[in-house]
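Have a look at the structure below, then the notes.
The values are calculated or read from the model by the stated rules, or taken from the named source; none is laboratory data. Only a predicted model underlies this, so the values are computations on that prediction, with no experimental measurement involved. Here the Cβ is made from the backbone with ideal geometry for all residues, glycine too, and neighbour counts use every protein chain on show.
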Amino acid sequence: MPENSIRYSESAGRKTAMVLVSEELVGLSDKGNLSELVKTEITQGTNDFAFDLSGLRSINSAGIGIIIGCRKAIVANGGSLKLENVNDKITDIFKLTKIDGLFGLGK
């Protein structure tokens, strides 16, 4: 499975990381990859995150748990998480699980 890639921007003294999430987020083996990346970035001063889901083809409950865990860690450190380029299939899954509102997908 491809690794998640990351790029940065900074505005008004806040560092933002744009993470391109790989094709699948479906299991515990994915947990370390994305979760550890977020933890490392937080310790290095990253405030805000945007997960680009344009390449995400499938997600299951474990993958949803990973994203929620990342959001929890980010918010606990005063940051924010946005989900961008979410396809209809993934949006529908977030709506079915009633977490679309956490990420502003219900609009």
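Structure summary
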read-out: The range 1-41, subset modelled with pLDDT under 75 and assigned to a strand (DSSP E or B), residue farthest from Phe94 (Cα to Cα); value: Glu24
read-out: The range 49-60, residues that are under 17 Å from Phe103 (Cβ atoms), part of a strand (DSSP E or B) and either modelled with pLDDT under 95 or out of contact with any Gly (no Cβ under 9 Å at 6 or more places or on another chain) (or both); value: Ala50, Phe51, Asp52, Ile59
read-out: Candidates Gly79, Gly55, Gly69 - the one that is over 13 Å from Ala17 (Cα atoms), in contact with a strand residue (DSSP E or B) (Cβ under 8 Å, 6 or more places away or on another chain) and among the small types (Gly, Ala, Ser); value: Gly55
read-out: The range 46-59 residues that are closer than 11 Å to Val86 by Cβ, paired with ones that are assigned to a strand (DSSP E or B) and of a type in the set (D, E, K, R) (beta carbon under 6 Å, 6 or more apart); value: Asp52/Glu84
read-out: Residue that is farthest from Ser35 (Cα to Cα), among those in the range 72-99 that are touching a Lys or Arg at 6+ places or on another chain (Cβ under 9 Å) and assigned to a helix (DSSP H, G or I); value: Lys89
read-out: Unique match (being assigned to a helix (DSSP H, G or I) and either surrounded by 20 or more Cβ atoms within 10 Å (Cβ to Cβ) or free of Cβ contacts under 8 Å to residues at least 24 places away in the same chain (or both)) among Gly69, Gly63; value: Gly63
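Let's see how each residue does on (1) surrounded by 15 or more Cβ atoms within 10 Å (Cβ to Cβ); (2) among the hydrophobic types (A, V, I, L, M, F, W, C); (3) within 17 Å of Val21 (Cβ to Cβ):
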residue: Val75; (1), (2), (3): no, yes, no
residue: Asp88; (1), (2), (3): no, no, yes
residue: Thr91; (1), (2), (3): yes, no, yes
residue: Lys95; (1), (2), (3): no, no, no
residue: Phe103; (1), (2), (3): yes, yes, yes
